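Chemist: Questions regarding the structure given below will be posed in turn.
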Amino acid sequence: MTETAGFLERPDGARIAWRRVAGAGPTVVWLGGFKSDMAGTKAQALADWALALGRAYVRFDYFGHGESDGDFAQGTITRWREDALAVLDELAPGPAVLVGSSMGGWIACLVAAAAPEHVKAMVLIAPAPDFTEKLMGPEITAAGRAELKATGVWMRPSDYGDPYPITATLLEDGARWSILPGPVNVDAPVRILQGGEDPDVPWRHALELAQAIRGHDVVFSLIKDGDHRLSRPRDIARLIAAVEDVA
């Protein structure tokens, strides 16, 4: 068994890069985080799992991320939600298990609400719903707000690399897709893995999402010493166990 790769062309001509393992369903679909890509540790670990066990799996890069076309600064929650829905329609026929990391957890909730018949279950890792408004917004300094007003772009400092652009358009668009305090219209089973030492998504924020989800089969697991990435071997083992639980 091998993993194939290709591009999904969107209506505006931008290509969304994807990789797929053909296997037994339901298809596990990876939804990455903000400024991450499908070559990350967790996405690759799931590919290795799928290849070893003959399971169907799809991972992809949003517009402006990784191997996909587009300028990251032009991306919005609306656009990335559309990318995820297109991938689900074109590359993951039948019921799917959405695995959403950070921003991908928010996108997963939006996808599940839009296409409930297509979503069998979800596994969310440090989910960051409404992060543009509730997590990122409060940290913008007065100077940053002045920069946004003057230029429409704030260069946000990052612990993971160089500063990157946050646009007024992204912030405004994100507010349109707010899902908290809920209810979040998801009835499928949900498993949430959250680090207690996560500096980017406070565990109480992820717990608020767990409590807001309408369905009853929701399990919230707090990994007390876990960070935001949850990419240690023991964290990866928890992720795969959660996927197997619902898939």
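Chemist: Looking only at segment 89-109, which residues are surrounded by fewer than 24 Cβ atoms within 10 Å (Cβ to Cβ) and in a helix (DSSP H, G or I)?
Modeler: Residues satisfying the conditions are Asp89, Glu90, Leu91.
Chemist: Another question, then. Please go through segment 225-242 and pick out each residue that is in contact (Cβ under 8 Å) with a residue 40 or more places away in the chain, of a type outside the set (Gly, Ala, Ser) and more than 12 Å from Thr41 (Cα to Cα).
Modeler: Within segment 225-242, His228, Arg238, Ile240 qualify.
Chemist: Could you tell me which numbered condition Gly64 fails, if it satisfies all but one of (1) over 30 Å from Thr151 (Cα atoms); (2) in contact with a Phe, Trp or Tyr (Cβ under 6 Å, 6 or more places away or on another chain)?
Modeler: The one condition Gly64 does not meet is (1).
Chemist: Hey, another quick one. Output the number of residues of segment 28-50 satisfying the condition of being of a type in the set (D, E, K, R) and more than 23 Å from Phe131 (Cβ to Cβ).
Modeler: Within segment 28-50, the subset of a type in the set (D, E, K, R) is 35, 37, 42, 48.
Those left that are additionally more than 23 Å from Phe131 (Cβ to Cβ): 48.
Residues meeting the conditions: 1.
Chemist: While we're on this one: Output the residues belonging to segment 123-177 that are crowded, with 21+ Cβ neighbours inside 10 Å and not in a helix (DSSP H, G or I).
Modeler: Within segment 123-177, Val123, Leu124, Ile125, Ala126, Pro127, Ala128, Pro129, Asp130, Trp154, Ile166 meet the criteria.
Chemist: So, in segment 179-229, how many residues would count as being in a strand (DSSP E or B), among the small types (Gly, Ala, Ser) and farther than 17 Å from Gly33 by Cα? Break it down into steps so the answer makes sense when it comes.
Modeler: Just the residues of segment 179-229 that are in a strand (DSSP E or B), to begin with: 184, 190-195, 213, 218-223.
Narrowing the set further to residues that are among the small types (Gly, Ala, Ser) leaves 195, 221.
Within this subset, residues satisfying the condition of being farther than 17 Å from Gly33 by Cα are 221.
Residues in segment 179-229 being in a strand (DSSP E or B), among the small types (Gly, Ala, Ser) and farther than 17 Å from Gly33 by Cα: 1 in total.
Chemist: Then there's this: Considering each of Phe63, Phe34 in turn, give the residue that is more than 12 Å from the chain's Cα centre (by Cα), assigned to a loop (DSSP other than H, G, I, E, B) and at pLDDT 95 or above. Before you say what the answer is, go through the steps one by one.
Modeler: On the way: Phe34 fails: more than 12 Å from the chain's Cα centre (by Cα).
After ruling out the rest, the residue left standing is Phe63.
The values are calculated or read from the model by the stated rules, or taken from the named source; none is laboratory data. If you're wondering where the values come from, they're calculated on a predicted model, not measured in any experiment. Cβ: placed from backbone, ideal geometry, glycine included. Neighbour counts: every protein chain shown.
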